[in-house]
Amino acid sequence: MVKSAFFRAGHAFLLLLFGGFGLGACSNGGDAAAPIPSLSTEERLAAPADPARGQVLFSECAVCHEAQKGARHRLGPTLWGVYGQPAAQLADFRYSGALRRSGVVWTDEALDTYLKSPQSLVPGWRMSYPGMENPADRRDLIAFLATLDE
Ligand code: HEC
């Protein structure tokens, strides 16, 4: 009896462990988890930007970027407070020379251009991300980035 209860608890723990790992490793943009997956791109663009949906989409970035205040840098710098700021401002992250010299300011337009096609904005910078195709996805993700501030 005791043994089987222990077994069940262990099993639940393993499920949690693998469930959590699966979520963390998944980087498909959260299609299944997105709150309003049934709307077309046009319908989503006609509606107001949705930062909560953007947070789900941030799973594509979270492999390399933290979003919390005071978080450690990963392969890329933490993105807390980056919205609206000039590029390459954090003293404790080693940016590429290309990004430091870029003169880019992270406005909605710059983020949209860059998220669509990272290499088009700053040729030679170090961020290897293929780009986010869907304009409504980019808009919602940028709305989420805009919330990462005081
Ligand atoms: C494969 C790792 C990787 C992924 C995935 C990635 N990034 Fe990056 N990102 C980087 C690196 C590395 C840099 C620094 C580039 C440099 O110094 O040239 C960077 C830089 C940035 C910057 C500039 C930061 C600053 O301080 O100027 C922004 C903004 C950014 N990334 C946003 C995103 C977003 C949004 C996503 C998801 C759509 C994303 N990144 C996905 C690695 C990544």
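Ordering 120, 38 from the fewest to the most neighbouring beta carbons within 10 Å gives 38, 120. Legend: translational diffusion of the stretch 28-145 by Stokes-Einstein, Rh = Kirkwood radius over C-alpha pairs, 37 °C, 0.692 mPa s; D = 222 µm²/s. How far apart, in nm, are two points set 7 Å out from the Cα along the Cα-to-Cβ line at residue 92 and at residue 133? Between residue 92 and residue 133, the simple spin-label model gives 3.9 nm.
In order along the stretch 85-93, the phi-based Karplus estimate (6.51 cos²θ - 1.76 cosθ + 1.60, θ = phi - 60°) of 3J(HN,Hα) comes to 9, x, 5, 6, 9, 7, 5, 9, 10 Hz; Gly and Pro are listed as x. Note on residue 105 and residue 62: their simple-model spin labels are 3.2 nm apart, each label 7 Å out from Cα toward Cβ.
Laboratory data are not the source of any read-out in this text; all were calculated from the coordinates shown. It should be emphasised that the depicted structure is a prediction, and the values quoted were computed from it without experimental measurement. With ideal geometry, Cβ positions are generated from the backbone for all residues, glycine too; neighbour counts draw on all protein chains shown.
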